[in-house]
Amino acid sequence: MHKHIFVLLVCFVNGLSAQEPFQSKLPILLVNTNGWLIFDEPKIPATLTIIDNGNGALNSSLDTHAVYSGNMGIELRGKTSQLMSEKKPYAFELRNKSEKKQSLPLLGMPTEHDWVLLAPYADKSLIRDIFGFSLASRFSALGYVPRMRFVELVINDEYRGVYVLGEKIKQDEYRLAIADFSKDTAINSFIIKLDKESGFLANEFFNSKVPPRNAQDNQIIRFLFHHPKPENITKKQTAYIKNWMRVFEDSLQSPDFANPNGGYRKVLDINSFIDFFLMNELCRNVDGLRISTFFHKDDDHIDPRLHAGPVWDYNLAFGNADYCNGYMNEGWAFDFNKVCSKDYWLVPFWWERLREDPAFRAQAAERWATLRKTALSDEAIGQLVADISSQLKNGAAERNFKQWDIMGKKIWPNYYVGKTWEEEVEQLRKWTVTRAAWIDSNITK
């Protein structure tokens, strides 16, 4: 029996009082669990209605016309965000009448059955995730970047606030379109990640043989299997991925690692790693490079090199962390281990090693300079902040903070605490352009 099944016996509750009707320019998601509580695994059956009249038209929570109305399975998601936030994030899958998975497009995003609802809470600008994904999409070498949309969420007639509906990272024709290792063992593509392990899955991760630099408590780096999933991966696939990563790290450790005709460039896609590095440094994501950090490799016949990404999770980025220098405009994010050397989750040696190669530094500096002239200019950054935040005007931000009375209060791990939503948005803009200016002055060093 699943570890959570017994909870179902005590999770039936009376319906919550009806939410006052409201209108929004954002899509409205109405979830009905028929009185059941939502918890972390397994997904419980529920229904989902999505109201979106499109073309800037107002949506009403009382609208009877829906762009989607059907079954779903829903559960809590995340680790720290689930525990530390009153506003819970969710994962859900679309289901047909027989409660089988059903793939459909949602709000202009390509067809799939797996989706996430990110819950901006400690991020009182409400826009960090969409801002981060939007910036990442300007780094062309990153390839696939998860698509996201603002929505307003109602669960069992209770208004839950502004959420971000989007794609979860997975191998898929319309998401990360690498060959499918899980169905054909002649294919050798994979996705791995650096993240917090669940503690419940056998064969969930394997350890790097290279200790992280500046570790003070004998920490190790763990690579978690993401595709194929730990519960499905075969012994042959496990052995292949472990061996491939060992060869990759050996190439980085080699005295000849920077050889332009060999070395790490034979096994690492330099352009994606540079864009990943620059994006992470721009936002100074305190979790970046060590948690919620993904890497992937396609089949050898398509591309035999390791690629950085897809990117994920920006709620604690752009100065929104009061620990491990996450709030600072100055300093390199990849130096996390020097700042917080006793943290359990450290950064692999890769990034420091790459920075020891003059060619990597020069290529990264050239790439940064090019982006700063156009997609990452101060003006472009400011315009993007304005465009994204404008979606939450006309009531959405106001409703969110009426539901969650946290404005002007320090919510972990805030460093900056503004008095108004507008101040929080402006702080995000100012922090980002100041950060970019620091990188301008230090990228070649």
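Things worth noting here:
- Condition met for Arg246 (under 24 Å from the mean Cα position of the chain (by Cα) and either among the β-branched types (Val, Ile, Thr) or modelled with pLDDT of 95 or more (or both)): no
- The range 367-379, residues that are more than 14 Å from Thr434 (Cβ to Cβ), in contact with a helix residue (DSSP H, G or I) (Cβ under 9 Å, 6 or more places away or on another chain) and either aliphatic (A, V, I, L, M) or part of a helix (DSSP H, G or I) (or both): Arg367, Trp368, Ala369, Leu371, Ala375
- Taking the criterion of being part of a loop (DSSP other than H, G, I, E, B), modelled with pLDDT of 95 or more and more than 20 Å from Arg149 (Cα to Cα), the residues of the range 63-98 that qualify are Asn96, Lys97, Ser98.
- Residues being among the hydroxyl-bearing types (Ser, Thr, Tyr) and part of a loop (DSSP other than H, G, I, E, B) - total across the range 216-254: 2
Yes/no matrix, rows are residues, columns are (1) among the β-branched types (Val, Ile, Thr); (2) in a helix (DSSP H, G or I); (3) surrounded by fewer than 23 Cβ atoms within 10 Å (Cβ to Cβ):
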| residue | (1), (2), (3) |
| --- | --- |
| Phe131 | no, yes, no |
| Arg138 | no, no, yes |
| Ala141 | no, yes, yes |
| Gly166 | no, no, yes |
| Tyr174 | no, no, yes |
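- Scanning the range 96-131 for residues that are in contact with a Leu (Cβ under 9 Å, 6 or more places away or on another chain) and more than 22 Å from Asp313 (Cβ to Cβ) yields Lys101, Gln102, Ser103, Leu104, Thr111.
- In the range 353-371, of all residues being of a type outside the set (S, T, N, Q) and either touching a strand residue (DSSP E or B) at 6+ places or on another chain (Cβ under 6 Å) or surrounded by fewer than 18 Cβ atoms within 10 Å (Cβ to Cβ) (or both), the one that is nearest to Val425 (Cα to Cα) corresponds to Ala369.
- Index of the failed condition, His296 passing every other in (1) assigned to a loop (DSSP other than H, G, I, E, B); (2) in contact (Cβ under 8 Å) with a residue 24 or more places away in the chain: (1)
- Selection within the range 100-151 - under 20 Å from Asp172 (Cβ atoms) and touching a helix residue (DSSP H, G or I) at 6+ places or on another chain (Cβ under 9 Å): Leu118, Ala136, Leu142, Gly143, Val145, Pro146, Arg147, Met148, Arg149
- Looking only at residues in the range 8-41 that are aromatic (Phe, Trp, Tyr) and over 29 Å from Gly54 (Cα atoms), the one that is modelled with the highest pLDDT is Trp36.
- Matching residues, the range 45-62, being assigned to a strand (DSSP E or B) and out of contact with any Asp or Glu (no Cβ under 7 Å at 6 or more places or on another chain): Ala46, Thr47, Leu48, Thr49, Ile50, Ser60
The values are calculated or read from the model by the stated rules, or taken from the named source; none is laboratory data. Being a predicted model, the structure only gives us computed values, none of them experimental. When we count neighbours, we look across all protein chains shown, and the Cβ atoms used for this are built from the backbone with ideal geometry, even at glycine.
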